[in-house]
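Student: Dumping the structure here so I can ask a few things about it.
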Amino acid sequence: MAFTTSQSLVLRAPAASHPGGRLAAPSAGCRVALGGRGGSAFPSVVAAAAAASTSMAGLEDGDADRKETKLWGGRFEEGVTDAVERFTESISYDWQLYKYDIMGSKAHATMLASQGLMTASDRDIILEGLDQIERQIEEGKFEWRKDREDVHMNIEAALIERVGEPAKKLHTARSRNDQIQTDLRLWCRDAIDKILIRIKQFQVSLVMLASKYVDLIVPGYTHLQRAQPVLLPHLLLSYVEQLERDAGRLANCRERVNFCPLGACALAGTGLPIDRFQTAKDLKFTAPMKNSIDAVSDRDFVLEFLSANSIAAVHLSRIGEEWVMWASEEFGFLTPSDKVSTGSSIMPQKKNPDPMELVRGKSARVVGDLMTVLILCKGLPQAYNRDLQEDKEPLFDSVKTILGMLEVCTEFAQNISFNSERIQRSLPAGHLDATTLADYLVKKGVPFRTSHEIVGKSVALCVSKNNCQLSELQLEDLKAVHPAFEADVYEYLGVENSVNKFISYGSTGSNQVKKQLDDWRIQLEEWRI
C-alpha cells in the first residue's frame with residue numbers, strides 16, 4: 001500500500017462529510033490528476049466561466065444612451081445618475097454567480113408551477129430560456145449590462161427579452177435578498193468541495209514525500225533554537241495533521257452552509273402558497289432556513305468559510321516560512337527543483353524559492369478578506385442591508401487565493417529534495433540528545449528536576465571541553481557530575497539512539513512514526529489510484 005513517487009494520483013470530489021468533519025469516501029465523477037499544474041483538470045472556482053468575461057468589456061463605458069427602466073422602477077420618475085450607477089453596480093464581479101442564479105431560478109420556477117402559481121407551459125418556456133442564456137454565457141456571447149446592476153437583473157431582463165410575459169412570473173414569491181443568499185450558498189458549497197480536494201492533494205504529496213525519507217533525522221526546533229532530534233516524516237506529518245483539521249473545519253462549515261433561504265423573500269416571507277421544502281430538495285439543500293429574517297440577514301456562513309480559509313492560509317504560511325528557511329544557504333536542508341524556483345534579474349547565481357514566499361505573503365490577503373467581512377457585518381441592523389453587497393469580492397478573493405496556495409504547495413512538495421548528507425553533518429550541534437539523557441537518569445530513579453540540573457551541568461562540561469558532544473564525554477567525566485551514570489548511558493546518547501528511545505503515542509520514535517505513516521497511507525488511499 002506504500003505510495004511511490006512516480007505514481008499518478010487521481011483525486012475525487014468528496015460526496016459528503018461525516019459528523020466531526022471527516023470526509024466520506026470520494027464519489028465517482030470529478031476526477032482530478034494530482035501531477036502537473038492541474039490547470040485544465042482542476043479549474044479555479046471562477047475559471048469555468050472565464051469565457052463569459054469576454055462580454056464584460058462594455059461595462060466600463062456604461063450604457064448611457066440605451067438605459068432601460070429598472071425592473072424595480074415602477075414608482076420612480078427619474079433614473080439614477082451615472083455616478084450612482086457606477087458606485088452601486090455589482091455585475092462587474094457577481095456575474096460569476098450566474099450558474100447558481102440560473103440553478104436557483106429553475107428550481108423556483110419548477111416549484112411555482114407545482115403550486116399552481118404559473119402554468120406548466122410557462123415553466124417550460126422559462127426553463128428553456130434559462131438554458132439558452134446559460135449557453136450564451138458559457139460561450140462568451142452574453143452581454144452583461146451595468147445599467148441592469150447585478151447578475152440577477154441581467155439574467156431576468158435577458159429572459160424577459162427572450163421569452164416575454166412568462167418570464168415576468170419568475171420573480172413571484174422571491175426577492176433579490178433571498179436570491180443572492182441562495183446563489184452564495186450554492187457557490188460556497190461548490191467552492192468548499194474544491195478546496196477540500198486541493199487539501200487532499202497536498203496531504204497526499206506530503207505523505208509521499210515523507211515516504212521517501214523514512215529514516216532521515218533532522219534537528220527539531222523550539223524558539224528557533226535546536227531542541228531535540230526528530231524524524232523528517234514526523235515533521236511532515238505534523239503538516240498533514242494541520243491540513244486534516246482545516247478539512248474538518250471546512251466540512252463542518254459546509255454542513256451549516258447547506259440550508260436554503262429561497263422563499264424568504266425580502267425579509268417576511270410571502271402570503272402565496274409556495275413550497276420551500278420542494279425548492280430546498282431540488283437544490284440539494286438539507287432543509288429551508290427556519291426564519292425568514294435570518295435567511296436574508298445571515299452572513300455567518302461567509303464569515304465561517306473565510307475563517308476556515310484564514311486558518312488554512314496561516315498553516316500554509318508557516319510551512320512556507322519553514323521551507324524558505326531550509327532552502328537558504330545557512331540551513332541548506334532543502335533544495336527545490338528548477339520547476340518551482342525563480343532567479344534574480346541582476347544576480348545570476350540566485351535560485352529563489354519564490355512560490356513558498358508568495359504562499360507566505362498571500363496568507364495576508366486571506367486573513368484580510370476575513371477582517372473585511374467581519375467589520376462589514378459588525379454594525380448592521382437585522383434583515384438585508386445594501387452593505388452586504390460588499391461581501392462577495394472578499395469571498396471570491398479568499399477562495400481563489402487559497403486554491404492557488406494549496407496548488408502551488410502541492411507542486412512544491414512534489415519538486416523538492418532534502419539534503420540528507422548536509423542534515424546529518426549538522427546534527428551534532430546543539431546537544432539534541434540532552435533530554436533523552438535526562439530520561440535515562442529518571443529511569444535510574446533520579447527525580448526529573450534533579451536530572452534536568454545534572455544534564456545541564458553535563459552540557460556545561462561539554463562546552464568547557466571545546467563544545468564536545470555528550471556522547472564524547474568519558475564515563476568518569478559523567479560520574480564526576482553524578483554517580484547515577486553507568487556504562488549503559490551510551491545507549492541513550494547520539495541522535496540515532498535518542499530517536500529510538502521515544503516510545504510515547506504520537507512521538508518521533510521510529511516505530512511510532514512508521515505507524516503514523518501507515519495510518520495516513522491507509523486514510524488517503526481512497527484518494528489515490
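Student: Would you list, by chain and number, the lysines whose Cα falls below 17 Å from the Cα of residue 479, excluding same-chain residues fewer than 8 positions away?
Tutor: 443, 444, 457, 465
Student: For the pair residue 238/residue 500, report the inter-label distance in nm, with labels modelled 7 Å from Cα in the Cβ direction.
Tutor: 2.4
Student: Expressed as a whole number of Å, what is the distance separating the alpha-carbon centroids of the range 240-254 and the range 332-371?
Tutor: Comparing the Cα centres of the range 332-371 and the range 240-254, I get a distance of 25 Å.
Student: Label residue 294 and residue 522 with points 7 Å out from Cα along Cα→Cβ: what is the distance between them in nm?
Tutor: 4.0
Student: For the range 296-410, with every protein chain kept in place, what is the accessible area per residue (1.4 Å probe, Å²)?
Tutor: Value returned for the range 296-410: 45 Å² of accessible area per residue.
The values are calculated or read from the model by the stated rules, or taken from the named source; none is laboratory data. A quick note: this is a predicted structure, and the numbers were derived from the prediction, not measured. Heads up, the Cβs are rebuilt from the backbone with ideal geometry, glycines too, and the neighbour counts pull from every protein chain shown. When the accessible area is computed, the model is the full protein with side chains, heavy atoms only, and any ligands, DNA or RNA have been set aside. Shrake-Rupley method; radii C 1.70, N 1.55, O 1.52, S 1.80 Å.
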